[in-house]
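What follows is a short report on a single structure.
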């Protein structure tokens, strides 16, 4: 309702808003307790804000009714659950970088082609050379390829390691990447070949947000905010995982999927209780898987 009249006493303003819906809600509050009111809006260009007015003797009573209504119906501010970090995550990143940058230097110590010995080859994997699902993670096509995986693998791995611990996070990433590479090989023809650490990068991308969601980082928010970390990771996958001529989309999608699946199952673990010693052993286990796979490949 809009009323054109003078705003001089005995009518006084007790509430003002640029939104008519808020004025109407406040007016209903006054009407419920039988306080007469008027709604006014200055006819200026552009129009001014809406005003809710009551008679002078109802000013205090009307204001009190509005304050009580807003207090009863206001939603409490819910802060996200802050999950403590386990460690800085840098030890895991350093290990990752040492592995992917050291493997190219092994070529001078081998008699055969390092790339042919370790590349993911669907036909050879079907024949039993399953170590290739690991060794392929440490091979790269060229400098731009390894630089790209250096940046994104370090970024996503660092994020995961901060909440799971460096050792635990990278062991899970390696295992998820193995599952992703094996699945990717099964989904392709025998002549399919692939290499690169991007599978591990996207496994890390799927791992950390799922752990945050599973552990209730946004459990008191609405469903959209509760799924915010997972949705953000999916956006990153869509933005980074499907472009380029030589991009192995299967490796990216399966890496992300198995990383997220792993995150769902490991999230209930108490990462803080593992302690530095156990984290170190888990990190050594991840490195041992890679070294053992290459020892077989080089034979």
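Each reported figure results from applying straightforward, stated rules to the coordinates on display, with no laboratory input. Keep in mind the model is a prediction, meaning the values are calculated, not measured. In this analysis, Cβ positions are derived from the backbone assuming ideal geometry, glycine residues included, and neighbour counts consider all displayed protein chains.
Couple of notes before you dig in:
- Burial order of peptide ranges 167-175, 62-70 (average beta-carbon count within 10 Å, highest first): 167-175, 62-70
- If you sort the three axes of the alpha carbon gyration tensor as a ≥ b ≥ c, you get a/c of 1.5 or more for the stretch 246-299 and a/b no higher than b/c, which makes it oblate.
- The order of the peptides 145-152, 205-212 by mean Cβ neighbours within 10 Å, most packed first, is 205-212, 145-152.
- As a rough guide to protection, the peptides 195-204, 13-22, 45-54 ranked by mean Cβ packing within 10 Å, highest first, stand as 195-204, 45-54, 13-22.
- Three-way shape call for the stretch 19-79 based on the alpha-carbon gyration tensor, with the a/c threshold at 1.5: oblate
- Rel. contact order, % - alpha carbon contacts under 8 angstrom, at least six apart, the stretch 11-73: 41
- Once the C-beta distance of residue 145 and residue 296 is scaled by a Förster radius of 25 Å, the resulting FRET efficiency is 0.55 to the nearest 0.05.
- Cα gyration tensor category, rounded, prolate or oblate, for the stretch 137-185 with a/c compared to 1.5: oblate
- Between residue 189 and residue 56, the modelled label-to-label distance comes to 9.2 nm, taking each label 7 Å out from Cα in the direction of the beta carbon.
- With contacts taken as Cα pairs under 8 Å at a separation of at least 6 residues, the stretch 159-207 carries a relative contact order of 46 percent.
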